[in-house]
Every structure is written in structure tokens, then in C-alpha cells.
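The values are calculated or read from the model by the stated rules, or taken from the named source; none is laboratory data. Fair warning: this is a prediction, and the values are worked out from it, not measured in the lab. Neighbour counts are summed over all protein chains in view; Cβ atoms, including those assigned to glycine, are modelled from backbone coordinates with ideal geometry. These accessible areas exclude ligands, DNA and RNA; they are computed on the full protein's heavy atoms, side chains included. Shrake-Rupley method; radii C 1.70, N 1.55, O 1.52, S 1.80 Å.
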Amino acid sequence: MITLQQLNYFRELANNGNLTHTACKLYITQAALSNTISNLERQLGVKLFERAGRGLRLSRAGEVYYECVAQALDALETGRARIGGLLREREGKVVFAANNSIVWAELIRDFQKEYAGYSARQVTCIDPEQTRDMLMNLQVDFAIAGLNDFAMTGLEFQVFREEPVGVCLPVNHPLAARERICLKDLAGEKFINLPGEHPFQRYCDKLMRKAGVQGEVVMESDYRMSTPLIESGVGIAMTTYSAYRQSASFLGGGTVYVPLEAGVEPRSIALVWNPHRSLNHSARAFREFVPTWEKSRTE
């Protein structure tokens, strides 16, 4: 009997085209994946894959089978999502993914004040591709993410914030008295970065590369740890004002925020969702609430 596990492994390998990479993504050994596909081919009586250089590609039979498998698995996911929607309808819960729990605390607080009967669950997800997978696999109602964090193909979104970027510095830093900081002024500075896969860090790295500027990374940490380290003079960090304001609230004023020079591209923040996911009352209310809340926050 062909199992769902075999079908899922087949689809992943077909999409990836590489046995090693697919096994890593599935958290199984390469041998286990190879055996699963071999058993599936034996049950079907055909070869599903052909060698293509160092990778694999679908055979003609594999292409035909892939189309049927993809439709079947998509239908099962849709069914699961609809059942999940019915359960969430009773629960009155909205589930969203975000890479920073600090920045969005006020949003959730105000949402639950406005809709006292609804609840929210935040899933912290730093890897942007994992966030996209959660949306595509209908595991969350929404993601709050940068517009360019991942491909938006197959998803819908609404940009609700254009977030300027600046620098968090200790109060005694030579640049702390500036009204604005030029990216080139940051050359050679010691930086406390977010983890390398963090989408905001990728965004900042892109800004630095575009300006031809390189600093020294002395540490990688999250927002809660980086702020006291900046205060004590270990290094500086690029940040948004929203993140700075929330992080600095834990301390006694030993840091300052200075925006970058005019003309530096702001970070577009969007509410993203999969149009195939069935949204309950709380999720629909959340989608309407977010842009309204942002507008009232900035007025």
C-alpha cells in the first residue's frame, strides 16, 4: 500500500531535485529517502526519476505521477485547513508568524482590547523560507514580514508600514549626537548583528553591500541581548525605530537611536496570507484591524 509519507517524500524530491538536500529538509537520512522512493517505484512498476548531472529529474512517468500526487496532497491540505478553520471558528483564535515578538506586542495588546472575545497565537519564525512554507502549507493565518523577505507567488499581502532604518548606539558614541548617519560613517564599526538568516539582518547586509561599507561583526544575538551589549559599548546595531523603542524600554536610557541618511530605502512591512486558507471571524477581524491600527498609531 502506498503511504502518504511516500507521496510527501516523492513530492519534496521532485521539487528539490537533489537527494541530499531533500533528506536534510525532511530531517531523515539520505538512505531512508532513497529506500522510500525505491519502494514507491517498485510498487508502481516504473522509474520516477532520472539522473541529471549531480541531481535528479522526473522521468516521463514521474511527471505524470507528480501531477496527480500534487493535486491529491493539495486537496488533503485544503481539507485539513478547512477542518482547522472550523475548529478555530469555535476557538476564536488568530495564528500568525513573525520573526520578532517584541515589535508586535502592542499590536496584539490593542487587538485583544478591541476584540476581547478573540485570542491570538504568535509563532516565532526567523527563517523567511520557513515562514513562507508555513503560509503555503496553511499552518498559520498570517505572517508579518518584510515585503522582500520571501517570494510572494501564490500569496496575498497588504503593506501596512514603511519602516525607516537607523542605528542603535551607546550614548557616548561619537555618532550619537548626529541627527542622521551616513552609511559610509559606519565603515569599520563593531556590529552586534541579528542571526545571519534573520530577514532584517539580510536587509541590513544588502544596504551595507550596496553602499560599499563593511564593519566588524563582534556578536550575533537577538534584540533583548543586543541592547544591553550596545549600552555597555560592545558594539552598535542597525535597527528600526519600532524595535529600538521596544528594546530600550527594558533599560535605563543608555542607548540612542539615530536614523540613517535620507534616501535610504525604508523596510516595507506587510501582512501576508494564503488565499486558500479558510479564515475564521478572529482572523478576518485581525486582517481588518492591522492597517487601521497602524494608521491610528502614526497619526
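Below are the figures for this structure:
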item	result
With eigenvalues of the C-alpha gyration tensor scaled by 5 and rooted, the stretch 155-299, Å	31, 17, 15
Amide H within-cut-off set for residue 121, under 5 Å, with H built and near neighbours excluded	94, 95, 96
Sparse-neighbourhood loop sites, GluC sites (Glu not before Pro) in the stretch 182-271 - DSSP loop, at most 16 other Cβ within 10 angstrom	197, 261
Amide proton proximity set for residue 167, modelled H, under 5 Å, gap of 5+	239, 258, 260
Which listed pairs, of 25/190; 93/113; 184/295; 184/206, have C-alpha distances above 25 Å, in listed order	25/190; 184/295
Accessible area of residue 184 in the full protein assembly, 1.4 Å probe (Å², nearest 10)	130 Å²
Antiparallel bridge percentage (DSSP; both residues within the chain; nearest 5)	60 percent
For the stretch 23-136, average projected area of the Cα convex hull in nm²	10.1 nm²
Accessible carbon and sulfur surface of the chain relative to its total accessible area, %, 1.4 Å	51 percent
The stretch 185-231: translational diffusion in µm²/s, Stokes-Einstein, Kirkwood Rh over Cα pairs, 25 °C, 0.890 mPa s	221 µm²/s
More than 31 Å apart - percent of Cα-Cα pairs taken over the chain	44 percent
Hydrodynamic radius of the stretch 218-293 per Kirkwood, over alpha carbon pairs, in Å	15.6 Å
Average Cα contact separation per residue, the chain, under 8 Å, 6 or more apart, as relative contact order %	22 percent
Accessible area of the chain divided out per residue, in Å², using a probe of 1.4 angstrom	53 Å²
Under-5 Å amide H pairs with residue 190, H placed in peptide plane, nonlocal only	216, 236
Cα→Cβ-extended label distance, 7 Å offset, between residue 137 and residue 105, nm	3.0 nm
Per-residue HN-Hα couplings for the stretch 39-45 [Karplus 6.51, -1.76, 1.60; θ = phi - 60°; Hz; x = Gly/Pro]	5, 5, 4, 5, 5, 7, x
Cα centroid separation, the stretch 109-149 to the stretch 200-234 (Å)	25 Å
Potential lengthening between residue 262 and residue 214 on full extension [0.36 nm per residue; Cα-Cα distance subtracted]	15.3 nm
Computed FRET value (nearest 0.05) for residue 116 with residue 34, which takes r as the C-beta separation and R₀ as 41 Å	0.15
Distance histogram in 10 Å bins (all Cα pairs of the stretch 128-192, percent per bin)	15, 34, 20, 23, 8
Residue 68 accessible area, 1.4 Å probe, all protein chains in place, Å² to nearest 10	80 Å²
In sequence order, calculated HN-Hα J values of the stretch 191-205 (Karplus, 6.51, -1.76, 1.60; Hz; x Gly/Pro)	10, 9, 9, 6, x, x, 7, 5, x, 5, 5, 4, 4, 5, 4
